[in-house]
Amino acid sequence: MLQRDYVLEIVGQFVESVSRALRRAAAGEKDGLVATERQIGELLDLDYGTALALAPDSLVTMMVLSGIGDSVAEYVCYALDRLARLYERGGDEDTAGLRRLQARAVAESFGCDPSTAPAELAALDGELFG
């Protein structure tokens, strides 16, 4: 019960923070991209620079080892996929490709769909990517 409450709390914080960051990134603010990546790192309790530099399979391994990977995978998958789209819009094909591969690895390992937004982020997704 305590772990469930903890996960609900960190997911709620992630949804709020990543929503602000993705809005900034979609508006063309480069700091929004970094802020979104930072939020993914915080959700996973990892340094974002290290976590997001990992090969896709290594990122999944770190999520499994964190003990909460199953609980947060759909949020990580969503954020990585939307980051890929935003990097692509900005012309950074290399980073877009890595984020897309990371999103796909999370999706395959945890059974989530990168094209589907978690319920808490559906309205934001329609606004920014719809």
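The values are calculated or read from the model by the stated rules, or taken from the named source; none is laboratory data. Computed from a predicted model, the values in this text were never measured in an experiment. Using ideal geometry, Cβ is built from the backbone for each residue, glycine included, and neighbour counts are taken over all protein chains shown. All accessible areas refer to the heavy atoms of the entire protein, side chains included, with ligands and DNA or RNA removed. Shrake-Rupley method; radii C 1.70, N 1.55, O 1.52, S 1.80 Å.
Is it the case that the range 6-14 has a residue that's within 15 Å of F129 (Cβ to Cβ) and of a type outside the set (A, V, I, L, M, F, W, C)?
No: the range 6-14 contains no residue that is within 15 Å of F129 (Cβ to Cβ) and of a type outside the set (A, V, I, L, M, F, W, C).
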When Y75 is run through (1) at pLDDT 95 or above; (2) open to solvent by 30 Å² or more (accessible area, probe 1.4 Å); (3) among the aromatic types (F, W, Y); (4) out of contact with any Gly (no Cβ under 9 Å at 6 or more places or on another chain), the failure sits at (2)
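Looking at L80, L65, which one is out of contact with any helix residue (DSSP H, G or I) (no Cβ under 8 Å at 6 or more places or on another chain) and within 20 Å of D47 (Cβ to Cβ)?
Values: L80 fails: out of contact with any helix residue (DSSP H, G or I) (no Cβ under 8 Å at 6 or more places or on another chain).
Criteria check complete, one pass: L65.
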Could you list, in sequence order, the residues of the range 117-126 that are touching a residue at least 12 places away in the same chain (Cβ under 8 Å) and over 12 Å from the mean Cα position of the chain (by Cα)?
-> E120, L124, D125
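Return the residues of the range 56-80 that are among the small types (G, A, S), without any contact (Cβ under 8 Å) to a residue 24 or more places away in the chain and closer than 15 Å to R104 by Cα; say none if nothing qualifies.
Across the range 56-80, the qualifying residue is only S58.
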State yes or no: is L33 free of Cβ contacts under 8 Å to residues at least 60 places away in the same chain, open to solvent by 50 Å² or more (accessible area, probe 1.4 Å) and part of a helix (DSSP H, G or I)?
-> no
Selection status of F110, at pLDDT below 95 and either open to solvent by less than 60 Å² (accessible area, probe 1.4 Å) or closer than 30 Å to Q3 by Cα (or both) | no
Long-range neighbours under 8 Å by Cβ, at least six apart or interchain, first residue within 18 Å of G67 (Cβ to Cβ) and in a helix (DSSP H, G or I) within the range 1-23, second among the hydroxyl-bearing types (S, T, Y) and at pLDDT below 95 = V7/S71; V11/S71
Here are D57, D47: which of them is open to solvent by 70 Å² or more (accessible area, probe 1.4 Å), among the acidic types (D, E), over 16 Å from L22 (Cβ atoms) and at pLDDT below 95?
-> D47
